[in-house]
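The structure is given below, and queries will be raised subsequently.
The values are calculated or read from the model by the stated rules, or taken from the named source; none is laboratory data. All values derive from a computational prediction rather than experimental measurement. We place every Cβ from the backbone using ideal geometry, glycine too, and count neighbours over all the protein chains shown. Note: accessible area is taken over every heavy atom of the protein model, side chains too, but ligands, DNA and RNA are not part of it. Shrake-Rupley method; radii C 1.70, N 1.55, O 1.52, S 1.80 Å.
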Amino acid sequence: MNQQPTAFDLLAEHYDYWKRTVNLGDEYRKIVGFLPAHTESILDVGCGTGRLTLYLADYAKHITGIDSSAEMIRQATKNQREQSRTNVEFVHASVETWECQAHQFDFIVGDKVLHHTDLDRVLPRLRDLLRPGGRIWVRDWVTEDIARRRSPIWQYWLALREMSELRGHGLKVMWRLARFRLSPTWIHHVCDDDILSPQQTMEIYQRHFPGCLLINVGQQVMMLWEFPDPAKGTRRAL
Ligand SMILES: C[S@@+](CC[C@H](N)C(=O)[O-])C[C@H]1O[C@@H](n2cnc3c(N)ncnc32)[C@H](O)[C@@H]1O
């Protein structure tokens, strides 16, 4: 892949520091609750610096994280080395064009990534990568007010609010986080994001994953779907 550096490339190390500082344990534990009963392989799409990928490594034989940012993958690989995880593979690839060598997966996750993609192109691809009986869990940003979301002032306000929630970490940590969250590169990035409304997002998810479970909490929509397994007859209730 040969492309212009994105905000994720420019800020990968800072992004990782942010993810390390914010306590994601509770969120990640909930995702573990969505794993199918027998999970051998997991795919983390748009894995970023691999925090969730590495967390899930305890729950599968093999886990693959892919990301279109070379720097995010570099940081993810560094994190993998630090944690001495041998059942994790990070691949620099975009989900649209990735030539998956392996197979299908039992569990696919995509956290806050799919808004960067053409959903009508990518969701069928993810469904094809899922094994019958497997599950897909995605979560993404939504907004009822795209004009506000695109406003730098609003984004500065959100960043400051988040900083104030992290004041318990001390001034040094907050200063480092502020340099990332308030940096023009990051603010421009989030202002440029194409974010759909909850209704638009849920309609697209439903179209590609009929019968999926959808939850809209504030600024995010979460979707869980199980690929019906003909060998097992009726599907288990999610
Ligand atoms: C907001 S970050 C989320 C990272 C990670 N899932 C997390 O929750 O920390 C979005 C990630 O998606 C990646 N990304 C964007 N478009 C992509 C694509 N088409 N294929 C693969 N990764 C993509 C970006 O490089 C970035 O690392």
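In vacuum, with every alpha carbon of the chain counted as one equal point scatterer, what does the Debye formula give for log10 I(q)/I(0) at q = 0.10, 0.15, 0.16, 0.18 Å⁻¹? Two decimals, please.
For the chain, the Cα-only Debye profile gives -0.48, -1.12, -1.27, -1.58.
Can you work out the Karplus-derived ³J(HN,Hα) for every residue in segment 73-86? Use 6.51 cos²θ - 1.76 cosθ + 1.60 with θ = phi - 60°, whole Hz, and x for glycine or proline.
5, 4, 5, 4, 5, 5, 4, 4, 4, 4, 8, 6, 8, 9
Nothing charged except the Cβ atoms of Lys and Arg (+1) and of Asp and Glu (-1): what's the magnitude of the dipole of segment 111-238 about its Cα centre? Round to the nearest 20 debye.
480
Relative to the longest principal axis of the chain, what angle (0 to 90°, nearest 10) does the C-alpha long axis of helix 198-208 take?
With rounding to tens, the tilt is 30 degrees.
Looking at segment 76-166 from every direction and averaging, what is the projected area of its Cα convex hull in nm²?
9.0
Another question, if that's okay. Can you give me the distance in nm between label points at LYS30 and TRP175, each placed 7 Å from the Cα along the Cα-to-Cβ direction?
3.4
While we're looking at this one, here's another question. Using only Cα atoms, tell me the angle between helix 119-128 and the longest principal axis of the chain; keep it within 0 to 90° and round to the nearest 10.
For 119-128 against the chain, the angle is about 40 degrees.
Considering only the chain, what is the antiparallel percent among its DSSP beta bridges, to the nearest 5?
Of those bridges, close to 40 percent are antiparallel.
Follow-up. Put +1 on the Cβ of every Lys and Arg and -1 on every Asp and Glu Cβ in segment 144-194; which of ALA159, TRP186, TRP175 then has its Cα farthest towards the positive end of the dipole?
After comparing all options, I get TRP175.
In what sequence, highest mean first, do 193-203, 168-178 appear when ranked by Cβ atoms within 10 angstrom?
Descending mean neighbour count gives 193-203, 168-178.
Could you let me know the centre-to-centre spacing of segment 1-61 and segment 123-176, using Cα atoms, in angstrom?
Cα centroid to Cα centroid, the span is 13 Å.
Here's another thing I want to ask about it. Would you mind working out the accessible area per residue for the chain, using a 1.4 Å probe, and quoting it in Å²?
52
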